[in-house]
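Notes for the one structure printed next.
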Amino acid sequence: MSGQTLGMGTAMMTDLYELTMLDAALQSGVASRRSCFEVFARRLPPGRGYGVVAGPGRLAGLLADYRFEADDLAYLAGLGRFSDGLLDHLATFRFDGDAWSYREGDFYVPGSPVLRVDASVGTALLVETLVLSVLNHDCAVASAAARMHDVAEGRHLIEMGGRRTHELAAVAAARAAWLVGFDATSNLLAGEQYGIPTAGTAAHAFTLAHHDEEAAFEAQMRAHGLETTLLIDTFDLRTGLERGLAAAKRLGGVPGAVRIDSGDLTVEVPRVRQWLDDAGAESTRIVVSGDLDEYRIADLADLPVDGYGVGTQLVVGSGHATAGMVYKAVAIARHSGTFEPVVPVYKESEGKATRGGVVRPYRVVRDGEANSETLVEQDRPGPTNSRPLHVPLLRSGHNAYPYTLAQDRVFHQRVRAELPESMRRLDGAPAFEAEVVAESSVD
C-alpha cells in the first residue's frame, strides 16, 4: 500500500507556479521561514450536510516519497527559466515537515482544517498541488459513496467505475468507496493494493460471442459455478432469464444472481422477482446497475433489489467531482530560524477571505450526536465532551499515520452514526460549521 503511483514519481505532478514561487522565495530568503498551511472547504455542495475525509493515508506515502529524479531535473533545466540555485535545491529536496490530518473516514463541514502542514514556506509551497489533487478527488468520491451507502440500507454495493475515469483515479476511487462501506470493487489493482474484495462476472460481449444466450450462461456457470451472476438483458429480459434458469437447471440448480443493466428498473425488478419466484428460484438475488446515484438508489429502496453496481456517478462524485478544498497559509514567521514564532496571516479578498492563526480542531458530541466543531488556538485546551480531530500524518517527513484502511472503515461507520439526521438526508445541510470560539466559550 505504498504511496507510489504506478512507476511514476509525484514531484512533477505539480503546477509551474509552485516552482516559480519557490525560486523567488529562495532568492529572497523567505523560503526558509517557518509556516503553517491548512486545507479546508469553504462550503459543501448544495443538498449535502457533510463531507467525508479520504486520502490522507495515501497522501502520507506520497509526501514521504516526494523527490525530483534526474530526468525531472533535466527537463526543468531545459526550460531555461529557473535559477541554478533552485535546481540544486530540488536535486536534494525531501519533504521534511510535519503534518496532521483528520482521520480517514471522519466527516468534515465548512471550515474544517482537514489537513495542517507545518514546514518551511518553500517546502509547504512545493507540495500544494499534490496535496489538493489527492484530497479533492478522494474526499469527493468518499462523500458521494457514503450517501449511496446510507440509502442502500445494507444491500450489497459494488464499485465498478474504472472505465469511467482516469486509470489511476479508478484505484483511488475504489479505495474511497471501500472506506465508507462499499462491499467490493471491480478494479483488480485496487484489490491487490488495498485488499478490497473484488467482484465481476461477464459483460454483454461475452453473451454475443456465443451461439446463443443459453450457451453463454452455461459456459459461465460451468467455469465459475452456479453462484455466479448472469447478465440477462442483452436481448429480451424475460427470455434471457428463462434461458439462464434453463442452463442452471441442467447443471443442477439455480443461478446465484441475475443482473439488470437497462430499462425502467422500477418496472423490471418486480417482474424479474416474480418470474424467479414462480420458477422456484427464490434464492436467486437481483443486482441492478446503470448510471445509479444516491437518488436513484433511494428510488429503488422499496423494491426487491439485493445489490447495486455503481460506476460513473461514484467516480465523478455524483455531480461534484471535486471537494472544493483549498490550501492556504494561516501563519508564517517574520524571520528565518528554527525557533522563530509564526504569526497569523490571512487573506481579505472579497468572497475568499481566510482565517489566520494556528488552531486545533475538536468535535463536540453530546448524547451520541455531534453538535459543533470547535477550533481552539494552539496553546489552549479543547472543550469538554469533545474529541480531538487531528491525528499525526507525517513527522519530520516520515509517514506517521497510525491507522490501517480496515480500521478507518470501521471508524467511519461510528462517526457517521454521530451525525444529526438532518445532515444525512439527501437534501441535507450542515447543522454547524467549524468555528473558532472565544476563550470564555471553551469549558
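Observations on the structure shown:
- When a 1.4 Å probe is rolled over the protein heavy atoms, the share of accessible surface on the chain that falls to carbon and sulfur comes to 50 percent.
- Packing-based ranking, highest mean first, of 184-190, 48-54 given that Cβ atoms within 10 Å are counted: 48-54, 184-190
- Using θ = phi - 60° and Karplus 6.51 cos²θ - 1.76 cosθ + 1.60, couplings along the range 322-327 (whole Hz; Gly, Pro as x): 10, 7, x, 5, 10, 10
- Backbone amide hydrogens, once placed in the peptide plane, bring GLY97 within less than 5 Å of GLY397, excluding anything fewer than 5 places away on its chain.
- Ranking LYS352, LYS249, LYS328 by solvent-accessible area of protein heavy atoms (1.4 Å probe, all protein chains present), from largest to smallest, gives LYS249, LYS352, LYS328.
- Charge dipole (the range 83-176, unit charges on Cβ, about Cα centre) - positive-most of VAL171, ALA146, LEU125: ALA146
- Computed over the Cα atoms of the range 36-157, the ratio of the radius of gyration to the Kirkwood radius (Rg/Rh) comes to 1.09.
- Cα pair count fraction exceeding 17 Å, expressed as % - the range 325-365: 45 percent
- Per residue, the Cα convex hull of the range 287-428 amounts to 196 Å³.
- ³J(HN,Hα), Karplus 6.51/-1.76/1.60, whole Hz, each residue of the range 84-93, x for Gly, Pro: 4, x, 5, 4, 5, 5, 5, 4, 10, 5
- 20 °C / 1.002 mPa s Stokes-Einstein diffusion coefficient of the range 224-317, Kirkwood radius on C-alpha pairs, µm²/s: 157 µm²/s
- Accessible surface for the range 209-311, divided over its residues, is 45 Å² per residue with a 1.4 Å probe.
- Built amide H within the under 5 Å cut-off of ALA400, gap 5+: LEU394, ARG395
- Per residue accessible area in Å² of the range 1-94, where ligands, DNA and RNA are left out and the probe is 1.4 Å: 46 Å²
- q = 0.07, 0.09, 0.10, 0.11 Å⁻¹, the chain: log10 I(q)/I(0) [Debye, one scatterer per Cα]: -0.43, -0.66, -0.77, -0.89
- For the chain, the Cβ-based charge dipole about the Cα centre amounts to some 680 debye (Lys, Arg positive; Asp, Glu negative; other atoms uncharged).
The values are calculated or read from the model by the stated rules, or taken from the named source; none is laboratory data. Computed from a predicted structure; not experimentally measured. Here Cβ is always computed from backbone atoms with ideal geometry, including for glycine, and neighbour counts include all displayed protein chains. Surface accessibility is based on the protein's heavy atoms, side chains included, excluding ligands, DNA and RNA. Shrake-Rupley method; radii C 1.70, N 1.55, O 1.52, S 1.80 Å.
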